[in-house]
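The structure follows.
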Amino acid sequence: MKRKLLAALLAVCLFCAMAGRLPLSAEGFEPDKNNYVDVEAIDLSLHGETSGDFTPVYIFDNPFRGVDTSQGVVFEFYAKPTWEVHELGTIFAIQGTGDYDGRIYFTPGSYFGFNSERFGGYFDANLYNYKIVDDYIKDGTKIRIELSATGFSVYANDEFCYDQSILANEMKASGDYTAESDFAPVLTWLSGAQTLYFGYGSWWNTTNGCEANINLSEVSFRLADGTELFSQLQVDKELIESLGGTVDLKNETTDFADAWAQITDVEVELFDIDAVQYQAHSILPTMVGIVAALAVLAVVVVILATRKHHYDDI
């Protein structure tokens, strides 16, 4: 009887340990804004699906919605490739529905695109036959895209890459928009679109081929006059860790004086984990396994300690 009980307990503990490693259901991949925490960088390759189209992991309200964008806007970020370049993936995308149906996006292939039938049509810049024309991100680059009523310009580490004049070269671009077009409709659309995505939102979101293998940081979406509208990346901590990612809440302090000041600052709540600088890794599966092993060991000890030795255990 005791052997059967021990076997059952062992099976339960092993199941608990494995449960910590099981993938989420499809419904579980939707981020919960109640779990959002501020982070320094995000991994755009993360998703939960293993086939078909993947779903977004990083979702925000469009920071330009309801704002006067007529004088121009700036998209800026640091992109660090982590694996092969998927030129049709997405670093960022802003999407609209209804009257503002459409999308604007930038990809790991340095391709800048816009498409909205109600707002002038589309343009694909720095793309030819769905292949990279020029890779400006390379091993890691600060990208800045300036968009105004007269056109756009793309810079890498403050060096000019291309502007709307690229649309005149059919070997490097295509679209309804031309180098001489009025781009004011794009800005109008931008002020009405609803959703901002990172790592998702171009036309191509297929697993094992369209992931943006990029670590994204130093994001700044602002108006041309310098008004900051979005600069703090956030993630659903539980979702990211369940997908095998890490949550980098803050940069590690490299200045000793700053570090000492943080240690001696009595205003910091010592046990407030959000106030401590650290790089969190998902240790839940490991901890579950350790707890399960300890539980099994405890059960064995209890059984051996209470076992009567004057008869054979059946």
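Read-outs: derived from the displayed coordinates by stated rules, not from any lab. What you see is a predicted model, and the numbers here were worked out from it, not measured in a lab. Glycine also receives a Cβ, built like all others from the backbone with ideal geometry; neighbour counts cover every protein chain displayed.
If each residue of separation counts as 0.36 nm, what is the full-extension length gain between Asp158 and Ser70 once their alpha-carbon separation is subtracted?
Here the segment from Asp158 to Ser70 would lengthen by 29.3 nm.
Within the range 51-125, list the GluC sites (Glu not before Pro) lying in a DSSP loop whose Cβ has at most 10 other Cβ atoms in a 10 Å radius.
Hits after loop and neighbour filter: Glu84.
Right, something else. Filter the cross-link list Lys33/Lys142; Lys138/Lys172; Lys138/Lys237 down to pairs whose alpha-carbon distance in this structure exceeds 21 Å.
Where the Cα-Cα span goes over 21 Å, the pairs concerned are Lys33/Lys142; Lys138/Lys237.
Still on this model: Local charge sum around Lys138 (other residues, Cβ-Cβ under 12 Å, Lys/Arg +1, Asp/Glu -1)?
That works out to -2.
Excluding Asp101 itself, what net charge comes from residues whose Cβ is under 10 Å from its Cβ, given Lys and Arg +1 and Asp and Glu -1?
Every neighbour counted, the sum reads 0.
Suppose the chain between Thr150 and Asp225 were pulled fully straight at 0.36 nm per residue; how much longer would it get relative to their current alpha carbon spacing?
25.4 nm
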